[in-house]
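J.: The structure that follows is given in the form of structure tokens.
The values are calculated or read from the model by the stated rules, or taken from the named source; none is laboratory data. Model, not experiment: these values are computed from the prediction. No Cβ is skipped: glycine too gets one built from the backbone with ideal geometry, and neighbour counts run over all protein chains shown.
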Amino acid sequence: MKKKDKFTMPQEKINITIPETPSGKRKPQVHDDEIYFERVVFTNMGNNINKLPDLKSKIAKIKDTLKKFEEKGEIVWHQFYFLKLFSRARGKKAEVINLVHEFDKQVTRMRRILDDLKNKVDLFQYMEKIDDQELEDSYTKVLDLFVFLDDLSKELSSFQNKYFKKMKMTSYSICNDKNYQELEALNRNIALLLDGFKSFAEAHDYIYYHSGELITNTIKALVHCLETSKLTNYSTTYNYYYFLSTDAVVAMKLTEWVDLFNKIRFVMRITAGVELFDYLIFKDYYQELEKRFIMLLINDEMENV
């Protein structure tokens, strides 16, 4: 595998200010690696499998190494799709667009190579004899993936430090419990949403002034889920007015959106025994509302440079 040229970006260690601290109190400073992204530790996996005693152990070694790569890859890809999502907050800055495009190509390529290798190793398990060189080549390709992933991890951290120094905890938290596939889907869905508007600003204004009915429908659907569950105490405690103070919503400030989503996500966590997404009406409403909420967060990050 031919190694790509590295992006040359300045390395710096910065602090992220948490903006939600109440006024009048000193704002704590924390490092980005303490609040969101899990740091990936890359270790030497060894570069020779020929010393292993038999075919079965060699295949097992390749398979195990692939699994370790995938675990590390999911962390890095999660970071990429998160940054891609919020790169829209940097408008049409050419350098940001170009870097995201290059990162996207690298991630897509790594994921494709991973899938190809996994399929190949699966076939190995049904073969009685395999040439040692073919096994060695496959293992080398897996090790190459670790090198490329390590490079990408460093480049993403540098990119984050340069363009996203002061991201708000709300932006982090809405994506923190999603896997990278869900973030990838969010990117696609938001891109489709934006295709229906002339600009991001136009999309934001539409969402701000035309989400009232969606908000109330989402909450009514959630409350209905709780009411039809066997855990009736939930529906009593978390009724409609726990989430909203009025029957009709015209428009809400961003702080009100944040408060609403904090309540929704809290209830979704503590009612883990209730399969809320089995109720498709709530699932559809929630996913559309979440998409709009993230659009508002992206807009808010535009001034948070």
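J.: With under 30 Å from LEU52 (Cα atoms), of a type outside the set (Gly, Ala, Ser) and out of contact with any helix residue (DSSP H, G or I) (no Cβ under 6 Å at 6 or more places or on another chain) as the only criterion, which of GLU155, GLU134, GLU102 stands out?
T.: The unique qualifying residue is GLU134.
J.: To continue, here is another question. If we keep just the residues of the stretch 280-301 that are surrounded by 18 or more Cβ atoms within 10 Å (Cβ to Cβ) and more than 19 Å from the chain's Cα centre (by Cα), which is modelled with the lowest pLDDT?
T.: PHE282
J.: Still on this structure, please answer the following. Look at the stretch 251-305 and say how many of its residues are touching a residue at least 60 places away in the same chain (Cβ under 8 Å), β-branched (Val, Ile, Thr) and farther than 16 Å from HIS210 by Cα.
T.: Number of matching residues: 4.
J.: Further question on the same structure: What single numbered condition from (1) aromatic (Phe, Trp, Tyr); (2) within 20 Å of ALA203 (Cα to Cα); (3) loosely packed, with under 14 Cβ neighbours inside 10 Å fails to hold for PHE266?
T.: Going through the list (1) aromatic (Phe, Trp, Tyr); (2) within 20 Å of ALA203 (Cα to Cα); (3) loosely packed, with under 14 Cβ neighbours inside 10 Å, PHE266 breaks only (2).
J.: Go through the residues of the stretch 71-93 one by one and say whether even a single one is farther than 30 Å from MET295 by Cβ and loosely packed, with under 14 Cβ neighbours inside 10 Å.
T.: Yes, some residue in the stretch 71-93 is farther than 30 Å from MET295 by Cβ and loosely packed, with under 14 Cβ neighbours inside 10 Å.
J.: Given the structure, is LEU149 in the same structural domain as ILE62 (by TED's automatic domain parsing), at pLDDT 95 or above and part of a helix (DSSP H, G or I)?
T.: For LEU149, the condition - in the same structural domain as ILE62 (by TED's automatic domain parsing), at pLDDT 95 or above and part of a helix (DSSP H, G or I) - is met.
J.: May I pose another question? Please go through (1) assigned to a helix (DSSP H, G or I); (2) within 17 Å of the chain's Cα centre (by Cα) for LYS154 and return the number of the only condition it doesn't satisfy.
T.: Just one mismatch for LYS154, condition (2).
J.: How do the pairs read when you match residues in the stretch 86-112 that are part of a loop (DSSP other than H, G, I, E, B) with residues anywhere that are surrounded by fewer than 17 Cβ atoms within 10 Å (Cβ to Cβ) and of a type in the set (A, V, I, L, M, F, W, C), using Cβ under 8 Å and keeping only pairs 6 or more apart or on different chains?
T.: GLY91/MET302
J.: Enumerate the helices (runs of 4 or more DSSP H) found wholly within the stretch 178-249, keeping only those where 3 or more residues are closer than 17 Å to ARG269 by Cα and in the same structural domain as ALA272 (by TED's automatic domain parsing).
T.: Ranges flagged: 212-228, 232-237.
J.: Out of curiosity, is SER138 buried (at least 17 other Cβ atoms within 10 Å of the Cβ), over 30 Å from MET302 (Cβ atoms), in the same structural domain as LYS68 (by TED's automatic domain parsing) and hydroxyl-bearing (Ser, Thr, Tyr)?
T.: In short, yes.
J.: Let me ask something additional. Can you tell me how many residues within the stretch 250-292 are in a helix (DSSP H, G or I) and either closer than 23 Å to LYS168 by Cβ or among the acidic types (Asp, Glu) (or both)?
T.: Counting residues in the stretch 250-292 that are in a helix (DSSP H, G or I) and either closer than 23 Å to LYS168 by Cβ or among the acidic types (Asp, Glu) (or both) gives 25.
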